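The values are calculated or read from the model by the stated rules, or taken from the named source; none is laboratory data. Just so it is clear, the structure is predicted and the values come from calculations on it, not from any experiment. Because the Cβ atoms are built from the backbone with ideal geometry, glycine has one as well, and the counts that use them run over all protein chains shown.
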Amino acid sequence: MEEQKGSAGQNGLTWKAVLVGLICVAFISVFSPYSDLIVGTVWSGAEFLPLNVVFTFTVLVLVVNLLLKIAKVGLKEHELLFVYSMMLVSGCIASLGLVHSLIPITTSQYYHANPTNRWAQLLHPYLAKWLAPEKPESIRYLWEGLPQGMSIPWSDWVKPFVGWILLAFSMYLVMFCIVVLLRKQWVENERLLFPLVSLPVEMAREEEGHLLSPFLRDKVMWIGFAIPAVILTLNGLHHYFPAVPYIKLNIWLSSYIKEKPWDGLNPINLAMIFSALGLTYLLPTQLSFSLWFFYFFFRLQAITGSALGFPMPMMFTYPTRAFIGYQIAGGMMVFAIFLFWQARSQVKKIFSSIFKPRTPEEENEPVSYRIAAMGLIAGLLFISFWGMAAGANFFLTLLIFVIFFLIIISASRLAAEGGIYFFQASFRPSDLIMAFTGSASLGVKNICTLVGPVEHVFMRDQRSALMPSLFDSTKIADVGKLKPRHITIVMFLGILVSTFIAYPTYVAFMYKIGGVNASGYTWAYGPMWGSTHTANLLNNPAKVNPSYILSIFIGAGTMIFLLWMRRLFLWWPFHPLGYIMGDSWPTVQIWFPIMLGWLIKSLVMRFGGIKIYKRLLPGFLGLVLGEFAIKGLWVVIDMFTGIRGHTVAPFL
């Protein structure tokens, strides 16, 4: 594959970039399962800016490529960006985005079945047999460890692997096609900031006569880098040498706030997340203000409800009160639909292209418009037929996944415009449906298949969803003047290679140590949530809930108002993205660094102006790089020393 430049000066993919990218993806696909399961220092791929990717890219740029450049065979700027894009889509798959959810959840429903929960009677008759290993001992040994001398029963994993990966790949196809639908509007028309792309782009930038980019030679950057680096290094050393001081980076204020009505603030965490602070500095102050303002806006509602003595149940498995969760859900659905309406001319052009010849404009897209339109339709149809094959209703499967894709589109917008790398909606698609219909009307098979394993594998925790990484890759192509079709190639290779390496690697590690000995809630109790939720719905069916329906419409109406006001008045201070981020687990964790970043940027712009803002910018990106680099370094150190569960910073 020769290096080529298109008519517009676009850089093409090279065999060197492909080879290095595949090596990096293979490393991530082994590193992440080992880190997540055995070491437990951090979740390596649990955000839209995955630690496993940033750490690997940092080592590549500062060590490997530096040596290659000295030897006159280094990767060029555009090659580094191709490599980063390949890694970016693999980072989540090798962690919580696929294997770290899929394997424990789909086997837990069998392993944890007992006479008390009666899952064997309630759930097992309605679960497709090809979605988990058929032999009971294959599941038992996965959780308890393989007896010495026994080989891994790989043949029993073929059917579940094929079944689930077909669903995952069809989801990725739909996400990719949605990215093609919205890419031009977001990247070219609106010129969204895409803050999560800033760090790799600056790290890869070339300057003639220098081995490192201007960013990596900037003293301000290294000052910013040093702040988290020193603190996290001390915290890491404290575990090995207790005499070294430990700097606590978070305080759970909930333990101090117990009296009514102020208990409506709970749960609340005062945490210093350096990466969140650094990325917030890049944002417009209107947006960063809204991201923390609406968190307290919703908590004020909870305080009012507590003062009035209203019952305020929580969303199942989320730290969000139900009436708030449904408001955010209504707002998020309206916001996602608005994004399509905003790009309606482009969407119409793409679907009309099915029956028209290809235009020159399409050369700037990852695939032709015809392929995007047909791929979207084919992907949704395949997902729906997959649901039928698993025992679910075709149209209910389609509806649940359409709602899910609307959630992920909103999450992608939060990442692209708001720099939010840690996202978790406080509801599942079925929550919205059952508010209007109750659970009994869905039917037992649909509940056992869709509300159980499917939603809990792919939809309960969206922090590692693939779509934001796909959008970021298209932005990287735009900034780095990379050939869009070649970006498609590296994304395809990253997804394929990471899936086929990470899945068997994860299974092998689990048979070696046993799930009961693995690190983190994803093996301790998280996998049981789906089956517990499903059994609860079968034993005590949820009824139509008018209060939840009212909350949905209040959220939808509020979002329409926010969008309308922002469109009419430039002075309007509230950004709609703040509303959909709302009151969720991520905002519990990162509201403080977002507020601090907003305050710092406001003061800098007021008293220093744009010149000072730009001069300090490398320092704030240095905060991000410092946190991720040192976290990754401690994972590697703990791997070699055998230390487990060693946390150096708040666990998101």
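If a residue must be out of contact with any Gly (no Cβ under 8 Å at 6 or more places or on another chain), assigned to a helix (DSSP H, G or I) and under 19 Å from residue 260 (Cβ atoms), how many such residues does segment 309-342 contain?
1
Test residue 194 against the criterion of being of a type in the set (A, V, I, L, M, F, W, C), modelled with pLDDT of 95 or more, within 18 Å of the chain's Cα centre (by Cα) and on the phi > 0 side of the Ramachandran plot, and give yes or no. First the steps, then the outcome.
Working: of a type in the set (A, V, I, L, M, F, W, C): yes; modelled with pLDDT of 95 or more: yes; within 18 Å of the chain's Cα centre (by Cα): yes; on the phi > 0 side of the Ramachandran plot: yes.
Spelling it out, residue 194 is indeed of a type in the set (A, V, I, L, M, F, W, C), modelled with pLDDT of 95 or more, within 18 Å of the chain's Cα centre (by Cα) and on the phi > 0 side of the Ramachandran plot.
What's the number of the condition residue 362 fails, among (1) in contact (Cβ under 8 Å) with a residue 40 or more places away in the chain; (2) over 27 Å from residue 577 (Cα atoms)?
If we test residue 362 against (1) in contact (Cβ under 8 Å) with a residue 40 or more places away in the chain; (2) over 27 Å from residue 577 (Cα atoms), just (1) comes out false.
Consider residue 306 carefully, then state whether it is in a helix (DSSP H, G or I), farther than 29 Å from residue 563 by Cα and free of Cβ contacts under 8 Å to residues at least 60 places away in the same chain. So that I can check it myself, show each step before the final result.
Details: in a helix (DSSP H, G or I): yes; farther than 29 Å from residue 563 by Cα: yes; free of Cβ contacts under 8 Å to residues at least 60 places away in the same chain: yes.
Against the criterion (in a helix (DSSP H, G or I), farther than 29 Å from residue 563 by Cα and free of Cβ contacts under 8 Å to residues at least 60 places away in the same chain), residue 306 qualifies.
Among residues belonging to segment 408-438 that are β-branched (Val, Ile, Thr) and under 17 Å from residue 186 (Cα atoms), point out the one that is surrounded by the most Cβ atoms within 10 Å (Cβ to Cβ). Explain how you work it out, then say what you get.
Step one: of segment 408-438, the residues β-branched (Val, Ile, Thr) are 408-409, 420, 433, 437.
Then keep just the ones that are under 17 Å from residue 186 (Cα atoms); that gives 408-409, 420.
Working: 408: 24, 409: 24, 420: 29.
Going through the qualifying residues, I end up with 420.
Being over 19 Å from the mean Cα position of the chain (by Cα) and buried (at least 17 other Cβ atoms within 10 Å of the Cβ) is the filter here; which residues of segment 31-58 pass it?
In the first step, residues of segment 31-58 are kept if they are over 19 Å from the mean Cα position of the chain (by Cα); the result is 34, 38-39, 58.
Passing the criteria: 38, 39, 58.
Considering each of 288, 213 in turn, give the residue that is hydroxyl-bearing (Ser, Thr, Tyr), outside any loop (DSSP other than H, G, I, E, B) and out of contact with any Pro (no Cβ under 8 Å at 6 or more places or on another chain). Spell out how you get there, then give the answer.
Values: 213 fails: outside any loop (DSSP other than H, G, I, E, B).
From the options 288, 213, the qualifying one is 288.
Take the residues in segment 355-384 that are assigned to a helix (DSSP H, G or I) and polar (S, T, N, Q); name whichever of them is modelled with the highest pLDDT.
Our first condition is that a residue be assigned to a helix (DSSP H, G or I); within segment 355-384, this holds for 355, 360-364, 369-384.
Now narrow it down to the ones that are polar (S, T, N, Q): 364, 384.
Working: 364: 88, 384: 98.
Filtering segment 355-384 for residues that are assigned to a helix (DSSP H, G or I) and polar (S, T, N, Q), the one modelled with the highest pLDDT comes out as 384.
Considering only segment 343-354, I want to know if a residue exists there that is more than 30 Å from residue 304 (Cα to Cα), assigned to a helix (DSSP H, G or I) and touching a Ser or Thr at 6+ places or on another chain (Cβ under 8 Å). Break it down into steps so the answer makes sense when it comes.
To start, the set of residues in segment 343-354 that are more than 30 Å from residue 304 (Cα to Cα) comprises 343-354.
Filter once more, so that each one left must be assigned to a helix (DSSP H, G or I): 344-354.
Filter once more, so that each one left must be touching a Ser or Thr at 6+ places or on another chain (Cβ under 8 Å): 353.
Yes, segment 343-354 contains at least one residue that is more than 30 Å from residue 304 (Cα to Cα), assigned to a helix (DSSP H, G or I) and touching a Ser or Thr at 6+ places or on another chain (Cβ under 8 Å).
Out of 350, 377, I need the residue that is buried (at least 21 other Cβ atoms within 10 Å of the Cβ) and not hydroxyl-bearing (Ser, Thr, Tyr). Which one? So that I can check it myself, show each step before the final result.
Values: 377 fails: buried (at least 21 other Cβ atoms within 10 Å of the Cβ).
After applying the criteria, what remains is 350.
Report yes if some residue within segment 60-74 is free of Cβ contacts under 8 Å to residues at least 60 places away in the same chain, within 24 Å of the chain's Cα centre (by Cα) and either within 16 Å of residue 216 (Cα to Cα) or surrounded by fewer than 24 Cβ atoms within 10 Å (Cβ to Cβ) (or both); otherwise report no.
yes
Taking segment 108-133, which residues are exposed (fewer than 14 other Cβ atoms within 10 Å of the Cβ) and either over 22 Å from residue 526 (Cβ atoms) or touching a Pro at 6+ places or on another chain (Cβ under 7 Å) (or both)?
Of everything in segment 108-133, those that are exposed (fewer than 14 other Cβ atoms within 10 Å of the Cβ) and either over 22 Å from residue 526 (Cβ atoms) or touching a Pro at 6+ places or on another chain (Cβ under 7 Å) (or both) turn out to be 115, 121, 125, 129.
Take residue 130 and tell me if it is out of contact with any strand residue (DSSP E or B) (no Cβ under 6 Å at 6 or more places or on another chain), under 30 Å from residue 534 (Cα atoms) and touching a residue at least 60 places away in the same chain (Cβ under 8 Å).
Numbers: out of contact with any strand residue (DSSP E or B) (no Cβ under 6 Å at 6 or more places or on another chain): yes; under 30 Å from residue 534 (Cα atoms): yes; touching a residue at least 60 places away in the same chain (Cβ under 8 Å): no.
For residue 130, the condition - out of contact with any strand residue (DSSP E or B) (no Cβ under 6 Å at 6 or more places or on another chain), under 30 Å from residue 534 (Cα atoms) and touching a residue at least 60 places away in the same chain (Cβ under 8 Å) - is not met.
Filtering segment 605-625 down to residues that are aliphatic (A, V, I, L, M) and in contact (Cβ under 8 Å) with a residue 40 or more places away in the chain, which residue is surrounded by the fewest Cβ atoms within 10 Å (Cβ to Cβ)? Don't jump to the end; show me each part of the working.
From segment 605-625, those aliphatic (A, V, I, L, M) are 605, 610, 612, 616-617, 621, 623-625; that's our starting set.
Subset that is in contact (Cβ under 8 Å) with a residue 40 or more places away in the chain: 605, 616-617, 621, 623-625.
Working: 605: 13, 616: 19, 617: 21, 621: 26, 623: 27, 624: 28, 625: 30.
Of everything passing the filter in segment 605-625, 605 is surrounded by the fewest Cβ atoms within 10 Å (Cβ to Cβ).
Yes or no: segment 39-51 includes at least one residue that is over 25 Å from residue 622 (Cβ atoms) and in contact (Cβ under 8 Å) with a residue 60 or more places away in the chain.
Filtering segment 39-51 down to residues over 25 Å from residue 622 (Cβ atoms) leaves 39-40.
Okay, now just the ones that are also in contact (Cβ under 8 Å) with a residue 60 or more places away in the chain, so 39-40.
Yes, segment 39-51 has at least one match.
Please verify whether segment 172-184 includes one or more residues that are in a helix (DSSP H, G or I), among the hydroxyl-bearing types (Ser, Thr, Tyr), touching a residue at least 60 places away in the same chain (Cβ under 8 Å) and more than 30 Å from residue 345 (Cβ to Cβ). Before you say what the answer is, go through the steps one by one.
Quick first cut of segment 172-184, residues in a helix (DSSP H, G or I) only: 172-184.
Right, trim to among the hydroxyl-bearing types (Ser, Thr, Tyr) and you get 172.
This time we only want the ones that are touching a residue at least 60 places away in the same chain (Cβ under 8 Å), so: 172.
Those still in the list that are more than 30 Å from residue 345 (Cβ to Cβ) too: none.
Among the residues of segment 172-184, not one is in a helix (DSSP H, G or I), among the hydroxyl-bearing types (Ser, Thr, Tyr), touching a residue at least 60 places away in the same chain (Cβ under 8 Å) and more than 30 Å from residue 345 (Cβ to Cβ), which makes the answer no.
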